[in-house]
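Okay, handing you the structure first.
The values are calculated or read from the model by the stated rules, or taken from the named source; none is laboratory data. Keep in mind it's a predicted model, so treat the numbers as computed, not measured. Ideal geometry is used to build each Cβ from the backbone, glycine not excepted, and the neighbour counts take in all protein chains shown.
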Amino acid sequence: MSTSTAASPISSVSTHILDTSIGRPAEGVAVRLAARCGRDADWRALGGSATDADGRCKDLPALPEGTTHVRLDFAVEPYFENKFDNKKADAQQDAPANRDSGAGAFFPEVAITFAVAPGEHYHVPLLLNPFGYSVYRGS
C-alpha cells in the first residue's frame, strides 16, 4: 500500500492582445505574471514575457502548485507611445492619437486578476484600444 499522494495538477496561463483601434495584434507588449496561494497570501512574481507578432505570449511560466489566484500585468503605455510616435500620420478617425490623455494610453497599464483551479488552462485575451479595454476567459 502506497502512502504517497499525487500532486495536484498544475494550472497554466496564456494570453494574447488585439489592438481594436487598428484591428491587429499588439506586438511587443510586456506582460508580467504573478500568483498567490490563497486570498490573503502575498503575490509572488513568476516572470514575464512580451507579445509576439501575433500578439501572443506563448512562454509564460507555469503556475506553482497550490495557486488560487493569478495576476497578469500588461504594460500598454510604451506600446501606445511607440505606435503613436511611428504612425501619427495614420491616426484613426475613431481613436485619434491626441485626445484628453495626450499621445499615450489613458490606461498606462492593465492588471487582470482571476481565480484558478488545479489542472485548468486559462487563456485570457485582452482587447485593447487607447481609451479602454476588455478581457474574457478564452479557450
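Report every pair of residues separated by at least 6 positions or lying on different chains whose Cβ atoms are under 6 Å apart, first residue within the stretch 73-86 and over 11 Å from PHE107 (Cα atoms) and buried (at least 23 other Cβ atoms within 10 Å of the Cβ), second modelled with pLDDT of 90 or more and aliphatic (A, V, I, L, M).
Taking only residues 6 or more apart or on different chains, the pairs are TYR79/ALA26; TYR79/VAL29.
Among (1) of a type in the set (Gly, Ala, Ser); (2) modelled with pLDDT under 80; (3) within 16 Å of the chain's Cα centre (by Cα), there is one condition ALA6 misses while meeting the rest; what is its number?
(3)
A further question on this structure: Restricting attention to the stretch 55-70, does a residue exist that is touching a His at 6+ places or on another chain (Cβ under 8 Å) and either outside any strand (DSSP E or B) or at pLDDT below 95 (or both)? So that I can check it myself, show each step before the final result.
Residues of the stretch 55-70 that are touching a His at 6+ places or on another chain (Cβ under 8 Å), as a first pass: 55-57.
Among the residues that remain, those that are also either outside any strand (DSSP E or B) or at pLDDT below 95 (or both) are: 55, 57.
Within the stretch 55-70 (the criterion being touching a His at 6+ places or on another chain (Cβ under 8 Å) and either outside any strand (DSSP E or B) or at pLDDT below 95 (or both)), the answer is yes, since at least one residue qualifies.
Name the residue, out of ARG56, ARG32, that is touching an Asp or Glu at 6+ places or on another chain (Cβ under 9 Å), under 17 Å from ALA111 (Cα atoms) and buried (at least 17 other Cβ atoms within 10 Å of the Cβ).
Selected residue: ARG32, the only one of ARG56, ARG32 that is touching an Asp or Glu at 6+ places or on another chain (Cβ under 9 Å), under 17 Å from ALA111 (Cα atoms) and buried (at least 17 other Cβ atoms within 10 Å of the Cβ).
So, one more: Please work out which residue is farthest from PHE114 (Cα to Cα), limiting yourself to the stretch 5-17 and to residues that are assigned to a loop (DSSP other than H, G, I, E, B) and of a type in the set (Val, Ile, Thr).
Of everything passing the filter in the stretch 5-17, THR5 is farthest from PHE114 (Cα to Cα).
Those residues that are among the small types (Gly, Ala, Ser), under 19 Å from PRO61 (Cβ atoms) and outside any strand (DSSP E or B), I need them from the stretch 18-46; list them, please. Don't jump to the end; show me each part of the working.
Taking the stretch 18-46 as the starting set, the residues that turn out to be among the small types (Gly, Ala, Ser) are 21, 23, 26, 28, 30, 34-35, 38, 41, 45.
Subset that is under 19 Å from PRO61 (Cβ atoms): 30, 34-35, 41, 45.
ALA41, the sole residue that qualifies.
May I pose another question? Within the stretch 9-29, count every residue that is modelled with pLDDT of 90 or more, under 18 Å from TYR136 (Cβ atoms) and surrounded by 12 or more Cβ atoms within 10 Å (Cβ to Cβ).
Going through the stretch 9-29 one residue at a time, the tally reaches 12.
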